[in-house]
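The values are calculated or read from the model by the stated rules, or taken from the named source; none is laboratory data. Note that this is a predicted model, so its numbers are computed, not measured. A quick note on method: Cβ atoms are made from the backbone with ideal geometry, for glycine too, and the neighbour counts reach across all protein chains shown. Note: accessible area is taken over every heavy atom of the protein model, side chains too, but ligands, DNA and RNA are not part of it. Shrake-Rupley method; radii C 1.70, N 1.55, O 1.52, S 1.80 Å.
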Amino acid sequence: MAGDVTTIQPGGKAHAVRHSERGPEQDHRPAPDLSGLSPAAAAVIRGNLAYDHQQWSDAIREYQDAIAKGRDNADVRTDLGNAFRFSGQAEKALEQYTIAQRQNPQHENSLFNQIGLFMDLMHDPIRAIPICEEFLRRFPNSDKTARVKEQLQIAKNL
């Protein structure tokens, strides 16, 4: 369902968050019928399915296809960024999170995911500090605030 925020845990990472355009994973059900959807919407659903199965190259291809076909928004860009991130392509992930922030400055997940990218994948806590501070300034009431404060403290102590 639109609006769901799902915690994804590939490789034991519990802080990678994405905004999904479909409901919870339902592996026991047959593939959804996409025939009535626009090509862009169908590509997003295929991307979500690949993402849920940690098939990063397929997810990347489908999200890029969705964007090319007109579904270009902060949610799709963040999911694409996460797929790049989990496939080890940190700079491409950062590019997508940055685009998502330009498209929607109120998109928490794209800013939050930058913190984890800098801390965990890029091992660059100096770059994480201003992102943490920006997150806390812009989203003081977020349910992610405690985690961001924790990451900020870790980054400042390294």
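A few notes on this one:
- Each residue in the stretch 32-41 was checked for being closer than 12 Å to residue 70 by Cβ and open to solvent by less than 60 Å² (accessible area, probe 1.4 Å), and 3 pass.
- All told, residue 82 falls short of being open to solvent by 30 Å² or more (accessible area, probe 1.4 Å) and within 30 Å of residue 39 (Cβ to Cβ).
- Residue list for the stretch 128-148, restricted to those being open to solvent by less than 60 Å² (accessible area, probe 1.4 Å) and either without any contact (Cβ under 8 Å) to a residue 60 or more places away in the chain or among the acidic types (Asp, Glu) (or both): 128, 129, 131, 132, 134, 135, 136, 138, 139, 142, 145, 148
- Yes/no for residue 41 being modelled with pLDDT of 95 or more, touching a Leu at 6+ places or on another chain (Cβ under 9 Å) and over 23 Å from residue 88 (Cβ atoms): yes
- Evaluation of residue 72 against (1) of a type in the set (D, E, K, R); (2) part of a helix (DSSP H, G or I); (3) more than 18 Å from residue 116 (Cα to Cα); (4) open to solvent by 30 Å² or more (accessible area, probe 1.4 Å) (one fails), failing number: (2)
- Check on residue 91, at pLDDT 95 or above, surrounded by 24 or more Cβ atoms within 10 Å (Cβ to Cβ) and part of a helix (DSSP H, G or I): no
- For residue 4, the requirement of being at pLDDT 95 or above and under 27 Å from residue 128 (Cα atoms) is not met.
- Residues that are on the phi < 0 side of the Ramachandran plot, surrounded by fewer than 20 Cβ atoms within 10 Å (Cβ to Cβ) and more than 18 Å from the chain's Cα centre (by Cα) do not occur anywhere in the stretch 101-123.
- Filtered residues of the stretch 49-69 (kept if part of a loop (DSSP other than H, G, I, E, B) and either within 25 Å of residue 123 (Cα to Cα) or among the aromatic types (Phe, Trp, Tyr) (or both)): 54, 55
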